[in-house]
């Protein structure tokens with residue numbers, strides 16, 4: 001048996017919703033039993049909708065990125081097209097919708113790069129990351145009324161500098177860029 005196989009899961013003994021701001025957020029208080037038998041009476045988890053993150057590349061190898069204000073970090077920063085997956089919507093359809101709405105771009109080639117829990121202990125929704133290749137502008141952006149967005153094309157290789165110098169302030173965008181760069185060849189020395 002490997003070390004990984006020997007690990008156990010926590011058992012949820014009780015779960016109570018203590019705050020409901022649906023459809024955006026629910027806070028739950030859980031009573032959990034750890035694998036060593038200890039019981040934690042007040043372990044809090046967050047429930048948020050899943051969201052899609054899109055790393056889109058043009059035929060010339062430029063990433064379709066956006067500059068926008070994000071209230072979490074409290075500043076304008078470099079990001080990727082992203083947004084909530086609607087009820088009943090497949091993550092890929094949500095990713096395609098977000099790319100078109102926020103940037104006016106569409107792409108014929110899509111690849112799922114993974115789905116990830118945003119916060120390992122609290123939950124906070126799942127990020128579905130996609131690579132869209134051969135993207136081209138086919139419409140005007142139609143972002144929602146809460147967000148002003150400036151679309152920019154940046155050479156794929158230049159994104160690492162933006163990440164390391166702090167232009168990217170959200171984990172979803174940084175992870176989406178890193179996964180996209182790697183999956184599209186730059187990270188493998190191609």
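I need the P(r) histogram for the range 3-47: all alpha carbon pairs, bin width 5 Å from 0 out to the longest distance, whole percents.
Histogramming the range 3-47 at 5 Å steps yields 6, 22, 23, 18, 14, 11, 6, 3 percent.
Under the rule of -39500 (n - 2.57) per DSSP H run of 4 or more residues, summed and divided by the residues of the chain, what mean residue ellipticity at 222 nm is obtained, to the nearest 500 deg cm²/dmol?
Working: 4 runs with 36 residues, N = 190.
Calculated from helices alone, the mean residue ellipticity at 222 nm is -5500 deg cm²/dmol.
Compute the acute angle (0 to 90°) between the alpha-carbon long axis of helix 91-103 and the principal axis of greatest extent of the alpha-carbon atoms of the chain; round to the nearest 10°.
The two axes meet at around 40 degrees.
Sort 55, 116, 44 so the one with the fewest other Cβ atoms within 10 Å of its own Cβ comes first. Before the final figure, lay out each step's value.
Values: 55 32, 116 17, 44 13.
Least crowded to most crowded, the residues run 44, 116, 55.
Taking neighbour Cβ counts within 10 Å as the exposure measure, how do 26, 165 sort from fewest upward? Spell out each step's value before the answer.
Details: 26 16, 165 9.
Least to most surrounded, the residues fall as 165, 26.
Order by neighbour count: 50, 144, fewest other Cβ atoms within 10 Å first, most last. Can you show the working numbers first?
Details: 50 16, 144 9.
Ascending number of Cβ neighbours within 10 Å: 144, 50.
Can you grab the distance from the C-alpha centre of the range 89-114 to the C-alpha centre of the range 38-73, Å, no decimals?
With the range 89-114 and the range 38-73 each reduced to a Cα centre, they are spaced 14 Å.
Cα atoms only: what Rg and Dmax, in Å, come out for the range 51-188?
When restricted to Cα atoms, the range 51-188 yields Rg and Dmax of 13.7, 40 Å.
How high is the relative contact order of the range 51-188, in percent, with contacts defined as C-alpha pairs under 8 Å that are six or more residues apart?
Numbers: 280 pairs, mean separation 45.6, N = 138.
Reported as a whole number, the value is 33 percent.
How far, in degrees from 0 to 90, does helix 171-183 lean away from the longest principal axis of the Cα atoms of the chain, to the nearest 10?
60 degrees
Readers should treat all values here as calculations from the given coordinates under stated rules, not as data from a laboratory. All values reported here derive from a predicted model rather than from experimental measurement. For neighbour counting, all protein chains shown are included, and Cβ atoms are generated from backbone atoms with ideal geometry for every residue, glycine included.
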